[in-house]
1. Here is a list of conditions, (1) modelled with pLDDT of 90 or more; (2) touching a strand residue (DSSP E or B) at 6+ places or on another chain (Cβ under 8 Å), and Ala185 meets all of them except one; can you say which number that is?
2. How many residues are touching a residue at least 60 places away in the same chain (Cβ under 8 Å) and within 15 Å of Thr308 (Cβ to Cβ) if we restrict to the stretch 320-339?
3. Please work out which residue is surrounded by the fewest Cβ atoms within 10 Å (Cβ to Cβ), limiting yourself to the stretch 28-46 and to residues that are among the polar types (S, T, N, Q) and in a helix (DSSP H, G or I).
4. If a residue has to be outside any strand (DSSP E or B) and either among the aromatic types (Phe, Trp, Tyr) or over 25 Å from Arg218 (Cβ atoms) (or both) to count, how many in the stretch 165-184 make the cut?
5. Can you pull out every residue in the stretch 39-61 that is of a type in the set (Gly, Ala, Ser) and within 21 Å of Asp78 (Cβ to Cβ)?
6. Give me the pairs, please: first residue somewhere in the stretch 435-456 and more than 14 Å from Leu274 (Cα to Cα) and in the same structural domain as Lys378 (by TED's automatic domain parsing), second residue anywhere and at pLDDT 70 or above and of a type in the set (S, T, N, Q), beta-carbon distance under 7 Å, and either six or more positions apart or on two chains.
7. List pairs: first residue in the stretch 196-210 and touching a residue at least 24 places away in the same chain (Cβ under 8 Å) and under 19 Å from Glu466 (Cα atoms), second residue assigned to a loop (DSSP other than H, G, I, E, B) and basic (Lys, Arg) anywhere in the structure, Cβ distance under 9 angstrom, at least six positions apart or on different chains.
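The values are calculated or read from the model by the stated rules, or taken from the named source; none is laboratory data. These numbers were taken from a predicted model, which means no experiment stands behind them. Glycine gets a Cβ as well: all are built from the backbone with ideal geometry, and neighbour counts include every protein chain shown.
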Amino acid sequence: MVTSISHKRIVGYVRVSTEGQARVNNSSLETQEERIRTEADLRGGLVIKLFRDIESGRRDDRPEYRRMLRYVIDEGADAVLVQYLDRFGRNPQEILSRIWELKGHGVSVEATDQDITDELMLMVSAGVAGHESKRISERVRANMGNSARKGIHSGKAPYGFRPIREIKDGKAVVAHWEIEESESAIIREMARLSVEENLGFKAIADTLNERGMTRNSRPWVPSSIQMILRNPVIKGLMVFGRSRLKEDPSAELIEVPGVFPPILNEEEWDALQLRMDIRKGAPRGSVHTSVFLLSGIARCGHCGGPMTGKTGAKYKGKSYRSYQCVNAKKARALCAHHNSHVSTKLEPAVLEYLGRFSNPKRVAELLHVSGTADTDRKKKELRRLEKQLSALDTDFQKNLEYLKKEILTEEEFSKANQLRRDERAATEIRIAELREQVGSAESSQGFVESLPSRIESFIETFEKLEVPKAKAILQMILKAAYVKDDNGIELEFR
C-alpha cells in the first residue's frame, strides 16, 4: 500500500518600496519571508515558490508581482500568501480585480497577519491600503506644492545655480539663488552646440569631455545633458510636478517665475527646445551630418516618403549629386514615380520658393488658415475625452456599489473592470498627446510672427554658412519640402 501526503501548494510574495525599507527589521523582505514560511507550515502547506519586489505598491507593473501572477495561473497553486494585504498592493481596483481573477483559477489570496477571508473585510482592507498610500502621497505632494508656490525649491541645487543662505529663527534657510558662473558657462555651451552646431546629446557630452569641461571631474553622459537642457529652470522658471504629470495627465503643474535668475532668455530657450524636438524626430542616421542641405527635409510629393541625397559616380572629373525618392527605389508598389532631382537645381528652387514667404502678411494668412481648424478639432476631441474619462470613473464607482448590493457577481464586476482599465489607459495616453499638441500650437504664435524675418535673415546669410549650420537653421524653419517630378514644391513650416 502506497501512502501519500498532500500539501497545500503555496506561493509567497514579499514586497518593500525601497532598498532602505528592505533593511528595516519589521518590514524587511527576510522578516516577511520568515512569517510566510512559518504560517505555511502551521497551515499544512508547502511554499513552492517565493517572489520578491522592491517597488512601490502603487505600481501595478512590478516585475516580480507580474511574474507571480503568471506563475500561479500557468503552473498552478492553491494560494498566494503575503504578510499583509498592502504587501500585495495599494491600488484597490487592482487588488480586487486581481484577487477575483485568481479566485476564478482556483487560487486564493491569504495573509499571515491579517484576516481577509470575509468579502466585505477584503474590500474595506483593499480600500484602506490604497487610501493610506494615496493619503500619504497626497499630503507630501501638497506640502511640496505649497512650498513651491511660495518659491521654495525642494531637493538639491539645480546645475548652474548656488543657494545663498541666511540665518532665520536660528536656522540656515535659502534666501535666494545665484548663477554659478563656471557651470552656467557650460550650460550655455551645451545650448550653443545643440542650436548652432546641430549636435545630439552624446556628441555634446563627447565634445565637452574632450575639452575638459567636466562636471566635478566626472565625465558628462547624454542623459545628464538632456535633463539639464530640458529643465525650464535654466530660463528662470521653477516648475513643480513634471514627474507626477507623466503618471497622471490631469495633475497640477506649478510654475513659479523669478525664483532662479535665467541663464538663457526666452528666445534662446525656445530655439533650444525646437532644435531638440527636431533631433528627436530623427535621432539617428546621417540626416544631421549629411552634406545635402535638404536631407531630412525633402520629401516626395507623390508618396510623401523621404528623399535622400545620393552622390553619383564621377564623370569627366565631376561628381553629380541628386535627391531621390526612397520608396521609388525600393519598389514601384510604394511609389510609381521616378522622382529624382539634381541637387544644384532643387536646392536653389526650394530656397527661391521659401523666399516668397518673407512677407509677414502672406505667412500669417497661410499659417492661420491651415492651423486654426486643426487646433480647434483637437480641442474638441480633448474636451470629449476628458468627459469620457470622468464617466469611466463614475461608472466604476457605480458598479462597485452594484457589487456590494450583489446586483453584479464578482465575475461580472471583474470582467467589466478589466475592460474599463484598458479603455482608461488608452484614453489617458490620448489626452496627454492632445494636451501637448494643443499647447504647442497655442505657444507657436510668437514663432509664426517672427517667421518672415527669420526666412529673410536665412536667405541673406545662407551662402556664408557651412552646410551643417545652414541645415540646422533651415530645419528650424521648415518641417518638410514636398517635391514632385515637375518641380512643383509645397512647403510645410515648423
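1. With respect to (1) modelled with pLDDT of 90 or more; (2) touching a strand residue (DSSP E or B) at 6+ places or on another chain (Cβ under 8 Å), Ala185 is out only on (2).
2. Our first condition is that a residue be touching a residue at least 60 places away in the same chain (Cβ under 8 Å); within the stretch 320-339, this holds for 323, 337-339.
This time we only want the ones that are within 15 Å of Thr308 (Cβ to Cβ), so: 323, 338-339.
Total meeting the criteria: 3.
3. Going through the stretch 28-46, the residues among the polar types (S, T, N, Q) turn out to be 28, 31-32, 38.
Those still in the list that are in a helix (DSSP H, G or I) too: 31-32, 38.
On the way: Thr31: 16, Gln32: 25, Thr38: 11.
That would be Thr38.
4. Pass one, the stretch 165-184, residues outside any strand (DSSP E or B): 169-170, 180-184.
Pick out the ones that are also either among the aromatic types (Phe, Trp, Tyr) or over 25 Å from Arg218 (Cβ atoms) (or both) and you get 169-170.
Residues that pass the stated criteria total 2.
5. First pass over the stretch 39-61, keeping only residues of a type in the set (Gly, Ala, Ser): 40, 44-45, 56-57.
Result: Ala40, Gly44, Gly45.
6. Note: pairs meeting the criteria are Val438/Thr375; Pro452/Ser358; Pro452/Asn359; Ile455/Ser358; Glu456/Ser358.
7. Gly200/Arg284
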